[in-house]
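Working notes, beginning with the structure itself.
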Amino acid sequence: MADVRFENVSKSYGSNAPTIRNLDLHVRDGEFMVLVGPSGCGKSTTLRMVAGLEDVTSGTLSIGGRVVNEVAPKDRDIAMVFQNYALYPHMNVRENMAFGLKLRKFDRTEIEQRVREAATLLEIGELLERKPRELSGGQRQRVALGRAIVRKPQVFLFDEPLSNLDAKLRVQMRTEIKKLHRQLGTTMIYVTHDQVEAMTMGDRITVMKDGDVHQIDTPVALYNQPADIFVAGFIGSPSMNFIPARVIDDGSILLIADKRPITVPEEHRAFLADYRGQEVTLGLRPEHVRSTPDSCEYPAHMAMQHEMSELLGNEMYLYLSTDNLHITGRSNVVRQIEMDTAVDMYFDMAHAHYFEGASGTGRTLHVH
Ligand SMILES: Nc1ncnc2c1ncn2[C@@H]1O[C@H](COP(=O)(O)OP(=O)(O)OP(=O)(O)O)[C@@H](O)[C@H]1O
Ligand SMILES: [Mg+2]
């Protein structure tokens, strides 16, 4: 068991601009930490530095209080699970799982016991004599997990371990990995570009983009209090709506699109007053764009055009427009609405987010 600490860590490949910039991240002992962000943001690089597969260019990386910048991968006491399982095709499941322990010269009975324990935990006890080609994708992934578990490492590292699986199996395996975490209690760092995976699995989530950390927080805090417009847009599906606006008067009114006024709730006025005359971005999650005012805490009426909708069974997504704005709404009242018709919608301004304006940093202006 160990924590993992990055202190002002940067990483450059050759003479290129840094891939990771001044990373400060403390993964607590026993924590399930997810690294999430778009392709190329540096998630794998970060994980590979922990594994020792990439050097740290500057800063300090420690595992369990020990600085590991110069420690060889094999001496770090970590185990990594990759996207492409990397099982040995000529070895059966038992041999695949035992291989790392054999290399490390564990004795036979210890190896046998650990393989049996891991196989029981992962419910692959029946498959021990099979070769990888005789297994389904999900079973192979379980063997890859088993190979990591038998090592009893201080830290598990996962790099998109589920992305080769079909959607249903992915959902099943993500619950299993969470369960495994609960049973083992070991520190886990899990990389994914899938925000749903991040939200459902992480104790905390680190949201990255272009080598920078945008926010480190619990799933609920990321959803309700995103630090900036990037996090707000990245977390949540369908994405938050972003609406350009200008603050007027004493901060009680926002002008959006072609000068439509929206009155904002009392509690938002004081801080919006500081942005009087300025551009801001109004952020509204689809569930706060509603078709009736009664379900809103602070409704702002919007006459809109209903372009189309998608019925998902338990809920529907509404694609709406007004002037040059395109807005997504989400409703759990599922009904058929004609395409290209005028509809009355209501923004629930009690749940509005505000971000520094069009040319600003996108920083969140107010945290609920
Ligand atoms: N060995 C390397 N040499 C040079 N550049 C590299 C190397 N490995 C990665 N990079 C670059 O570093 C950046 C981050 O790559 P990384 O693999 O960490 O991204 P990622 O967040 O894991 O992306 P993905 O979701 O696509 O796996 C990318 O721009 C990538 O091209
Ligand atoms: Mg990657």
Around Arg276: net Lys/Arg minus Asp/Glu count, Cβ-Cβ under 9 Å: -3
Multiply the residue gap between Arg276 and Arg108 by 0.36 nm, knock off their C-alpha separation, and tell me the result in nm, one decimal place. 53.1 nm
To the nearest 0.05, what FRET efficiency results for Ile253 and Ser295 with a Förster distance of 22 Å applied to their C-beta separation? 0.40
Output ³J(HN,Hα) for region 309-315: one whole-Hz value per residue in order, computed from phi by the Karplus curve 6.51 cos²θ - 1.76 cosθ + 1.60 with θ = phi - 60°, and x for Gly and Pro. 9, 10, 9, 9, x, 8, 7
Arrange Glu7, Glu54 by Cβ neighbour counts within 10 Å, fewest through most, would you? Glu7, Glu54
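Let's see if you can work this out: charge +1 on each Lys and Arg Cβ, -1 on each Asp and Glu Cβ, no other charges. What is the dipole magnitude of region 241-356 about its Cα centre, in debye to the nearest 20?
Values: 9 positive and 19 negative charges, 13 e Å.
It comes to approximately 60 debye.
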Can you give the helix-only mean residue ellipticity at 222 nm for the chain, where every DSSP H stretch with n ≥ 4 adds -39500 (n - 2.57) and the sum goes over all residues, rounded to the nearest 500 deg cm²/dmol? -7500 deg cm²/dmol
The chain: longest stretch without exposed trypsin sites (Lys or Arg not before Pro) (DSSP loop, at most 11 other Cβ within 10 Å), sites themselves excluded? 106-258
Label-point separation in nm, Phe82 to Ala350, each point 7 Å along Cα→Cβ: 5.1
Under 9 Å from the Cβ of Arg28, count the other residues' Cβ atoms, weight Lys and Arg +1, Asp and Glu -1, and hand me the total. -3
What spacing in nm lies between the two simple spin-label points modelled at Thr57 and Glu310, each 7 Å away from Cα in the Cβ direction? 3.8
Spelling out what I want: for every residue of region 232-246, take phi, set θ = phi - 60°, compute 6.51 cos²θ - 1.76 cosθ + 1.60 (Karplus), and round to whole Hz; glycine and proline get x. 4, x, 7, 8, x, 9, x, 5, 4, 7, 10, 10, x, 8, 10
If one computes the Cα centroid of region 112-169 and of region 37-51, what distance in Å separates the two points? 23
Just how large is the dipole of region 169-326 about the Cα centre, in debye to the nearest 20, putting +1 at every Lys and Arg Cβ and -1 at every Asp and Glu Cβ? 460
Cα extents of the chain per principal axis, largest first, Å, are 76, 48, 33
I need the calculated FRET efficiency for the pair Arg269 and Arg116, taking r as the beta carbon distance and R₀ as 45 Å, to the nearest 0.05. 0.10
Dimensions of region 252-300 along principal axes (Cα, Å, largest first)? 31, 25, 16
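Only the coordinates and a few stated rules stand behind these numbers; no lab work does. Keep in mind it's a predicted model, so treat the numbers as computed, not measured. Please note: Cβ atoms are built from the backbone with ideal geometry, for glycine as well, and neighbour counts cover all protein chains shown.
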